[in-house]
Each structure stands twice: as C-alpha cells, then as structure tokens.
Amino acid sequence: MSLPPRTAVLIVGAGPSGLAAALSLNHRGVNDIVIVDAILAGENSSRAMVIQAATLEALNSVGCLDKLLPIGEKAQALFMNHGSSYLISTDFSLLAPYTKYPFGLVLPQTATEAVMLEKLDHLGIKVWRPFKVVSLMPSQDTEEQMFDVRFESGEIVKAKYVIGADGANSVVRQEAGIAFKDPNGDEKHDYGNLSQIILGDVSLTSPPQLAARFSITSYDGNFTLMAPFPASTSPDTSRTVYRFASSVPAEDGTAPHAPNIEYLQSLMDRCGPHSLSSDPAINPHPTRIEKVYWSSRYRTRSAVAERYFTHKLDGGVILLIGDAAHIHSPIGGQGMSLGIRDAISLGPVLKAHIGSTAEGTASDKLFEDWAASRRKRALSVVALTKQAMGIINAQRKMWAPLVWCTYAVLRFVGRFTFFKRMLAYRLSGLAEI
Ligand SMILES: Cc1cc2nc3c(=O)[nH]c(=O)nc-3n(C[C@H](O)[C@H](O)[C@H](O)COP(=O)(O)OP(=O)(O)OC[C@H]3O[C@@H](n4cnc5c(N)ncnc54)[C@H](O)[C@@H]3O)c2cc1C
C-alpha cells in the first residue's frame, strides 16, 4: 500500500517514543499525522524492563495506563549490592505524597509498545510499515514551508513537521545536521566492563535465592541484574522467565550479537552474586540456565543532540525525541521513560504551534522552550547514569581502601529515609529539573 502523499506531522519511528508522540498528538486533537517505521511490528528489540513513575503519570494523561498497570509488576524497591553484601537501596513507596504511582512498573518493552499500538489502532491511527526514511529535503513545489521526506521505496511524503523518533542512529537527526555528542566531551571515554551490556531472557533450573526481587549486583567492576517477567508478559507461561542483564568483562573482547547459553552462564557465574552461581562449591543452591528465549548485546554510549528543534534551510520544522535525542547507559532504566515523556510533552506544544500558525502568530519560541527543557532533563539523566557507572567502575579504577571507604559512606547514608526518598525521586523522573 502506498504512503499518503502529504501530512501535517510525520513521525519517523514507531518505537515507544514515536508511538507515545502519536498518542499525545491525537489526545490534543491533532489527527493529520502519519507514523512510519522501517521494520515490521514486534521487531524492535525489547530492551527496557521498567517504566518510571513520572512516565506512568504521562501515559495516564493520554489514556494509556489502564491496560499497562494490570500486566506489569509494581516494583517497590531496587537494591544495589556489592558482591553478596548490601550497598544501597531505594524505596519507591516513599514517593506516595508526590505521585499516584509510587513504584516502577516492570514489564518488557515489547508489551509496552503492544499496548500503545493497540490504543492507536483503536483510535484509527495506523503505523505504516516497513517504510524507511532515507532523506529530507525542503519542498520546492509548495507554498508552505514543508519537507519532502524520501523513503527507501522511492515514495515521497510532504510534511510540515517531522518528528525524529528513529532511535540512536536517527536519519532525521543526521539529515538535519544536528550533532550528537557526549555532553562532557568524553567521546572516547573508557567505560571499562560497562562498555558492553548483554541481555538474555532465560529460564533457570531452580529459582535463585536472591535477597530481593529486583537487585543490581556489582562485583569487580561488573554488574548483573536478574528480574522476573510478570506472568502475563512472559514468553513462556509454563515457567518463570527472567531478564538477565550483565556487563561484559573487558578482557572477554566483543560479545556475540546473540549470546548463547554457555556465554550467558559464564557471565552469570563470573559477574553475578554467589546466589546465581552454578558452582555448588560457592552456592549451596546452585542454579543453571535451562533455556534462552532471546538475547542481545548493546554498546554503552552517552550522547545528547545539540538541538532538539530546527528548521532545515526553508523546510518545515524538525523535532527530535527519545533515543534520537539522547542515549546513555541503561543502568537505572531511564531511556524509554525519558523518551516517552519527551513525546507526550511535545503534543500540546505542537498543537499550540499549529494553532498559532493558523492565526499568523506562530513563534519558534514554543519549540525552543520545549527543546531547552527536554534537553536539560536528558543532561540530568546522562549525569545520573554516569554517576551510577562511576560507583561500579570505582572497583576497577580506585585504590581498594578508597573504594571500601566510599562504599561505607554509601551504606551509611543509604540507611536514612531521606536518602532513599531522594534516590527514588531522582530515578522516578519526578525530580526532573
Ligand atoms: C540493555 C538496555 C536496557 C534498557 N532498559 C531500559 C529500561 O529498563 N527502562 C527504560 O526506560 N529504558 C531502557 N532502555 C532504553 C530504551 O530501550 C530506549 O531508550 C528506547 O527503546 C528508546 O525508544 P525510541 O522509541 O526513542 O527508540 P527505538 O526504540 O530505538 O525505536 C526507534 C524506531 O525507529 C525505527 N527507525 C529507525 N530508523 C528509521 C528510519 N530511517 N525510517 C523509519 N523508521 C526508522 C526503528 O525501526 C525503531 O522501531 C534500555 C536500553 C538498553 C540498551
């Protein structure tokens, strides 16, 4: 089927950010939108496993939370351990005075996307697939300032507003000539063992004896996380499936694209807590990976787009959201949540711009203010994830007694409610400054 030749708003990318943008625009009464994606439904890789409180608020504001809440698991706390000993934890229930959703909602990204897709479908908005954008040029044959957006299929769609929600390698961002750089100039920063992260959805021979349901364990400059899938989103209803995440020791070299059972087992034994080990000599309740349902590898990079909003030559307006605008380490589970909030906050701004254009009073200031505030938030999240990586990396980089002192301080301050609340507030996105 051919793409519509013309639209007011073209959303490039139907990952969580693009889908949320379509929902937000529709909620504001902007219906002249086309949303496209280069790949078929369900092929976007399922990276995110948690939605933060501020994002739950945002999703609720566009009527998309009622279907998500029942299928996710409400995580009240996230623990961080050093080896087998407790380091710090956060308690999301302390957010009760500030939000209706004092928890992190645990569910796979695929389930979040599926719910948003279903909602769009219900609203009569279809995602056009597989249509890959290859270039953007100002239209020469229209009176209005518009873009000719060219697709790999050879088709062209004219659009006044182009929203780049096309992920970290965004073609929209590149076509707009917007730089995408580490905000601290650390382009060549060595993240050590945290340079690569693997994810594996696995079942185990016996349930692990973990002290907490959701905990990150750091050990010798590595980290692992084991989170059970909520039953209704599990790839296998006959047993518990866990999302296993691990860093990759630098000396192991490049991880395979789709790590197999032996590779994942080796990481679990070497980088995980003793309670995940398959070795009976160190774990009285040894467990092994039984089956791998899906696995993948990711590289860590921190980058923020120089601008989230621009005109290109005399074309229309280009706006960036989600991973197209910012990426960072997945530690802390922030990226998708931030992208969804970019998208949902853009809806009213774009609606106001369309309205003011019709009245002849359109001003870029609307977009400039939105872009400045969203960019500030991304910088704050990048800083947060760098701090978290710093805590883990300290084990490799710092003099051992200094590491122990740092951890002793963390353990001490982590006992106070105000600290747990501060951490929960920061992770939840409610603290966006
Ligand atoms: C290991 C790992 C764990 C993570 N865990 C979490 C977590 O727990 N919580 C959290 O909030 N975040 C997490 N994240 C981050 C999260 O996965 C991303 O931030 C999120 O997927 C970004 O969504 P997006 O829609 O902006 O981009 P994407 O999900 O990358 O979607 C972009 C879409 O654009 C399409 N596209 C690309 N190019 C084109 C083109 N030229 N034309 C048309 N379509 C195009 C793609 O096919 C894709 O569907 C994690 C990331 C990693 C790597």
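The values are calculated or read from the model by the stated rules, or taken from the named source; none is laboratory data. Everything numeric in this text was worked out from a predicted model, so none of it was measured. All Cβ positions, glycine included, derive from the backbone under ideal geometry; neighbour counts span all protein chains shown. Only protein heavy atoms, including side chains, enter the accessible area calculation; ligands, DNA and RNA are left aside. Shrake-Rupley method; radii C 1.70, N 1.55, O 1.52, S 1.80 Å.
Here are the numbers for this structure:
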read-out	value
Strands (runs of 3 or more DSSP E) contained in segment 10-116 and holding at least 1 residues touching a residue at least 60 places away in the same chain (Cβ under 8 Å) and over 26 Å from SER215 (Cα atoms)	33-36
Of residues in segment 311-339 being closer than 18 Å to LYS181 by Cα, in a strand (DSSP E or B) and open to solvent by less than 10 Å² (accessible area, probe 1.4 Å), the one farthest from the ligand (Cβ to nearest atom)	LEU319
Hits in segment 219-236 (condition: of a type in the set (Gly, Ala, Ser), over 21 Å from the mean Cα position of the chain (by Cα) and open to solvent by less than 50 Å² (accessible area, probe 1.4 Å))	GLY221
Residue satisfying all of: in segment 7-50; open to solvent by 40 Å² or more (accessible area, probe 1.4 Å) and either near the ligand (Cβ under 6 Å from one of its atoms) or not assigned by TED's automatic domain parsing to the domain that holds LYS119 (or both); modelled with the lowest pLDDT among these	ASN44
Residue selected from segment 255-267 under the condition more than 16 Å from the ligand (Cβ to nearest atom) and touching a strand residue (DSSP E or B) at 6+ places or on another chain (Cβ under 8 Å), by the criterion least open to solvent (accessible area, probe 1.4 Å)	GLN265
Criterion: open to solvent by 80 Å² or more (accessible area, probe 1.4 Å), more than 30 Å from ILE163 (Cα to Cα) and in contact with a helix residue (DSSP H, G or I) (Cβ under 7 Å, 6 or more places away or on another chain) - qualifying residue of ARG299, ARG288, ARG270, ARG239	ARG288
Failed condition for LYS160, given (1) surrounded by 22 or more Cβ atoms within 10 Å (Cβ to Cβ); (2) within 16 Å of the ligand (Cβ to nearest atom)	(2)
Counted residues, segment 163-180 - those being more than 11 Å from the ligand (Cβ to nearest atom) and touching a strand residue (DSSP E or B) at 6+ places or on another chain (Cβ under 6 Å)	3
Output for segment 268-293, where each listed residue is under 21 Å from SER329 (Cβ atoms) and either within 15 Å of the ligand (Cβ to nearest atom) or not aliphatic (A, V, I, L, M) (or both)	ARG270, CYS271, GLY272, PRO273
Yes/no for ASP148 being of a type in the set (Asp, Glu), in the same structural domain as SER345 (by TED's automatic domain parsing) and either part of a loop (DSSP other than H, G, I, E, B) or out of contact with any Asp or Glu (no Cβ under 9 Å at 6 or more places or on another chain) (or both)	no
When residues of segment 283-306 are limited to those that are more than 26 Å from the chain's Cα centre (by Cα) and of a type in the set (Val, Ile, Thr), the one nearest to PHE180 (Cα to Cα)	ILE289
Residue satisfying all of: in segment 63-76; away from the ligand (no atom under 15 Å from the Cβ) and in contact with a Ser or Thr (Cβ under 7 Å, 6 or more places away or on another chain); modelled with the lowest pLDDT among these	GLN76
